[in-house]
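S.K.: Before we start, here is the structure in question, set down as structure tokens.
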Amino acid sequence: AIALAGSGAGAQEGPPPPVAITHAKVYLPGGKGPVEDGTVVIDKGKIVAAGKDVATPPNARTIDAHGKIVTPGFIDAETAVGVVDIELEAASNDTDVRSPMTPGLRMIDGYNPQSIVIPIARSGGVTSVVVARQGGILGGQSAFVDLAGDTAAEAVVRPLLAQEATVDDDEAQQSAGTRSGMWMILRDALEDARFYATHRAQYDANGVRQLSLHRSELEALVPVVRGQQPLVVHAHRASDIEAALRVAEELKLQIILSGASEAWMIADELARRKVPVIVDPLENLPARFDRLHSRSDNAAILARAGVPVIIATYAAHQSRLLWQHAGNAVRLGMDHDQAIRAITEAP
């Protein structure tokens, strides 16, 4: 409604007036909120002021939000929004990549800002998402996008956000033979990228040993092995999480854990290392053998231990229910304010 103000027949010329949301409980970033009886002022599509003693512009359209809560826009940190419209239709699913080793894949190249899924996600308060491929030992580079704008250029905030790795993918395990084989393939790829980063000239002159990946794939991994781009490791089993921590320590990587159904079992170690963990609070049953110790209060246990917790839906069509996933985390013991941060500031 705000975006459409001033449009249509008989509308006044010029930009619409500012909007002031008043008398709300306002959540502010940086640990400053919540603020009771707060005000948020929006002008020309931007939030220009938010807090306790904020003056309302004299020409503003005022919305009385007494008894209501105002938060920043929600951020879904693991989604297929914009790259999947119909999951079982190949022409409408840009995550169904057959190869287990595609670190050079860029999800931004498949992002469709006109996807019908986007306004549905926005209707649930989700204003930004991470678009990621969930699969493959090295699945490619995720992107961070705002769910606004008619073109990718208008929507994209970070085209190359993080590298996605998965160690609980059935196809990836089959290609590797064993779980240990999968970790070996992952280590070899990262070690080769580290070698390539310091031997580019010799590589171009065909003067080095054969490496496990092509040039474009090695280039995509260079920021990861230099600690400039995080490696998001999708792992559920506690032993896989421990293996990920070992690899990160050995290769000096910046990692983020994702999925992590059994992370509660090593919560203190994750807190000590300050490793962020992306979880879905609805992952509460042992759906597979690699998550037999799943439990519904995983997010609450991690948060109480001091682990940076991020809540995500891992979905395209259900991203609109991110608030409900956070609400379930609260129902199962997570602090309410922490849950709001887990879908706003923490991502």
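The values are calculated or read from the model by the stated rules, or taken from the named source; none is laboratory data. Since this is a predicted model, take the numbers as computed values, not measurements. All Cβ positions, glycine included, derive from the backbone under ideal geometry; neighbour counts span all protein chains shown. SASA here: full protein model, heavy atoms, side chains in, ligands and nucleic acids out. Shrake-Rupley method; radii C 1.70, N 1.55, O 1.52, S 1.80 Å.
S.K.: Being farther than 28 Å from Val309 by Cβ, in a strand (DSSP E or B) and open to solvent by 40 Å² or more (accessible area, probe 1.4 Å) is the filter here; which residues of the stretch 47-88 pass it?
M.R.: Val48, Arg61, Thr62, Ile63, Asp64
S.K.: Of the residues that make up the stretch 25-42, is at least one in contact (Cβ under 8 Å) with a residue 40 or more places away in the chain, open to solvent by less than 30 Å² (accessible area, probe 1.4 Å) and among the β-branched types (Val, Ile, Thr)?
M.R.: yes
S.K.: Okay, next question. Any idea how many residues of the stretch 196-244 are closer than 20 Å to Glu78 by Cβ, part of a loop (DSSP other than H, G, I, E, B) and out of contact with any helix residue (DSSP H, G or I) (no Cβ under 9 Å at 6 or more places or on another chain)?
M.R.: Count: 0.
S.K.: Just to be sure I understand, how many residues within the stretch 186-195 are open to solvent by less than 70 Å² (accessible area, probe 1.4 Å) and either in a loop (DSSP other than H, G, I, E, B) or among the acidic types (Asp, Glu) (or both)?
M.R.: Result for the stretch 186-195: 1.
S.K.: A further question follows. Within the set of pairs 6 or more residues apart or between chains, which connect a residue that is over 11 Å from Ile256 (Cα atoms) and open to solvent by 10 Å² or more (accessible area, probe 1.4 Å) inside the stretch 226-238 to a residue that is part of a loop (DSSP other than H, G, I, E, B) and aromatic (Phe, Trp, Tyr) with Cβ atoms less than 9 Å apart?
M.R.: none
S.K.: Just to be sure, is Asp96 open to solvent by less than 90 Å² (accessible area, probe 1.4 Å), in contact with a His (Cβ under 9 Å, 6 or more places away or on another chain) and acidic (Asp, Glu)?
M.R.: It is false that Asp96 is open to solvent by less than 90 Å² (accessible area, probe 1.4 Å), in contact with a His (Cβ under 9 Å, 6 or more places away or on another chain) and acidic (Asp, Glu).
S.K.: For Ala244, which of the numbered conditions (1) open to solvent by less than 40 Å² (accessible area, probe 1.4 Å); (2) at pLDDT 95 or above; (3) closer than 15 Å to Glu191 by Cβ fails to hold?
M.R.: That leaves (3) as the condition not met.
S.K.: Also, I was wondering about something else. Only one of these conditions is not met by Lys252: (1) under 18 Å from the mean Cα position of the chain (by Cα); (2) on the phi > 0 side of the Ramachandran plot. Which number is it?
M.R.: Result: Lys252 passes all but (1).
S.K.: Something else now. For the stretch 265-282, does any single residue satisfy the condition of being in a helix (DSSP H, G or I) and farther than 21 Å from Pro230 by Cβ?
M.R.: Yes - at least one qualifying residue is present in the stretch 265-282.
S.K.: If you go through the stretch 307-347 one residue at a time, how many are among the hydroxyl-bearing types (Ser, Thr, Tyr) and either touching a Cys at 6+ places or on another chain (Cβ under 8 Å) or free of Cβ contacts under 8 Å to residues at least 12 places away in the same chain (or both)?
M.R.: Residues in the stretch 307-347 being among the hydroxyl-bearing types (Ser, Thr, Tyr) and either touching a Cys at 6+ places or on another chain (Cβ under 8 Å) or free of Cβ contacts under 8 Å to residues at least 12 places away in the same chain (or both): 0 in total.
S.K.: Moving to a separate point now. Across the stretch 14-31, what is the total count of residues that are assigned to a loop (DSSP other than H, G, I, E, B), under 12 Å from Gly51 (Cβ atoms) and touching a strand residue (DSSP E or B) at 6+ places or on another chain (Cβ under 8 Å)?
M.R.: Total meeting the criteria: 2.
S.K.: Sticking with this structure for a sec: Just for strands (runs of 3 or more DSSP E) wholly inside the stretch 104-162: which have at least 1 residues that are of a type in the set (Asp, Glu), open to solvent by less than 60 Å² (accessible area, probe 1.4 Å) and at pLDDT 95 or above?
M.R.: In the stretch 104-162, the matching strands (runs of 3 or more DSSP E) lie at 143-146.
S.K.: Next question. Regarding Arg288, is this residue basic (Lys, Arg) and surrounded by fewer than 19 Cβ atoms within 10 Å (Cβ to Cβ)?
M.R.: yes
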